[in-house]
Amino acid sequence: MTRPSASGSLAAWSIVFGSLSDPAFAQDADTDLAKKLSNPVASLISVPFQFNYDRGFGPDDGHRQILNIQPVIPISLNENWNVISRTILPVIWQDDVAGPSGSQFGLGDITQSFFFSPKEPTAGGIIWGAGPVFLLPTATDDLLGSGKFGLGPTAVVLKQEGSWTVGALANHIWSVAGDGDRRDVSSTFLQPFVSLTTPDAWTFTLNIESTYDWESDDWSVPLNFQVSKLVKFGEQPVSLTAGARYWATAPDNGPEGWGFRLAMTFLFPK
């Protein structure tokens, strides 16, 4: 048997490491990470910090700023299935959102979702996940949360083909316990979305984060357009996002007109 020469082995390793350091290879990896961010059930640990500003609440034109801390943690159940934990922890600053109600600052209610999802796309390239969603009454002020514990189902379905991602996420939450003096919760959340990721890891996203309140028979429908870019700080991949939203409809005391969104998402690929 002929053993490979030292020079031949060095040449082989130089090809491997050369491909890893090739700018085109790195760009492809960045693009793949950016596309995974468009998939709510991707097997990717991420920690988004999302800041939202909205105005026009109530007769005193109140305003609200929310910093959503949204860790996403995939857990492998077996060789075929993941469960994806998605948490939304809101930190809220608001002023006169219910008439002359003054200012409040603190935590809002946590929304915790679990999606059971196949590790590989199913027939036709469809990616999906489904499971329970919980509303936890963690608000530090009555005007920052519902005062109710809630639960219900949640699901997401999408398809990624080429540079495009198209899909929708939905949930419904009913209150099942909590402060008996507070209004019950029965709300449906619908989020259709479409995004385009370019070869240089820019992502352009359009979505609608609509909520229907069955207790008050009111829709809240903001249209969001946002632009994201995947960058690296040293070896740490980070997605930076900026966007605008327009409130197509909202309850009488809800937000009006234009708002904006800024986000920074830390990614921890395996």
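The values are calculated or read from the model by the stated rules, or taken from the named source; none is laboratory data. Keep in mind that what you see is a predicted model, and the values were worked out from it rather than measured. Positions of Cβ are generated from backbone atoms using ideal geometry, with glycine treated the same way; all protein chains shown enter the neighbour counts. When the accessible area is computed, the model is the full protein with side chains, heavy atoms only, and any ligands, DNA or RNA have been set aside. Shrake-Rupley method; radii C 1.70, N 1.55, O 1.52, S 1.80 Å.
Here are 17, 25, 51: which of them is at pLDDT 80 or above and open to solvent by 40 Å² or more (accessible area, probe 1.4 Å)?
Only one candidate qualifies: 51.
Here are some conditions: (1) in contact (Cβ under 8 Å) with a residue 12 or more places away in the chain; (2) more than 30 Å from residue 102 (Cα to Cα); (3) open to solvent by 40 Å² or more (accessible area, probe 1.4 Å). Residue 156 meets all but one. Which one does it not meet?
It is condition (3) that residue 156 fails.
In segment 132-149, which residues are farther than 23 Å from residue 65 by Cβ and open to solvent by less than 20 Å² (accessible area, probe 1.4 Å)?
Answer for segment 132-149, where residues must be farther than 23 Å from residue 65 by Cβ and open to solvent by less than 20 Å² (accessible area, probe 1.4 Å): 133, 148.
For segment 108-125, what are the residues that are under 24 Å from residue 166 (Cα atoms) and open to solvent by less than 60 Å² (accessible area, probe 1.4 Å)?
Residues satisfying the conditions are 111, 112, 113, 115, 117, 118, 122, 124, 125.
Out of all the residues in segment 253-268, is one or more part of a strand (DSSP E or B), more than 22 Å from the chain's Cα centre (by Cα), closer than 24 Å to residue 150 by Cβ and not aromatic (Phe, Trp, Tyr)?
Within segment 253-268 (the criterion being part of a strand (DSSP E or B), more than 22 Å from the chain's Cα centre (by Cα), closer than 24 Å to residue 150 by Cβ and not aromatic (Phe, Trp, Tyr)), the answer is no, since none of the residues qualifies.
Looking at this structure, is residue 41 aliphatic (A, V, I, L, M), crowded, with 17+ Cβ neighbours inside 10 Å and either modelled with pLDDT under 85 or closer than 24 Å to residue 129 by Cβ (or both)?
So residue 41 fits the description; yes.
When you go through 214, 219, 258 one by one, which is the residue that is loosely packed, with under 14 Cβ neighbours inside 10 Å and hydrophobic (A, V, I, L, M, F, W, C)?
Step by step, each of 214, 219, 258 is checked, and only 214 is loosely packed, with under 14 Cβ neighbours inside 10 Å and hydrophobic (A, V, I, L, M, F, W, C).
Among what's in segment 78-107 and is under 30 Å from residue 42 (Cβ atoms), part of a loop (DSSP other than H, G, I, E, B) and touching a residue at least 24 places away in the same chain (Cβ under 8 Å), pick the residue that is least open to solvent (accessible area, probe 1.4 Å).
Filtering segment 78-107 for residues that are under 30 Å from residue 42 (Cβ atoms), part of a loop (DSSP other than H, G, I, E, B) and touching a residue at least 24 places away in the same chain (Cβ under 8 Å), the one least open to solvent (accessible area, probe 1.4 Å) comes out as 80.
I'm trying to understand the selection: among the residues of segment 162-176, which are β-branched (Val, Ile, Thr) and open to solvent by 40 Å² or more (accessible area, probe 1.4 Å)?
Residues satisfying the conditions are 166, 176.
Could you list, in sequence order, the residues of segment 185-196 that are open to solvent by less than 20 Å² (accessible area, probe 1.4 Å) and under 16 Å from the mean Cα position of the chain (by Cα)?
Correct list: 195 only.
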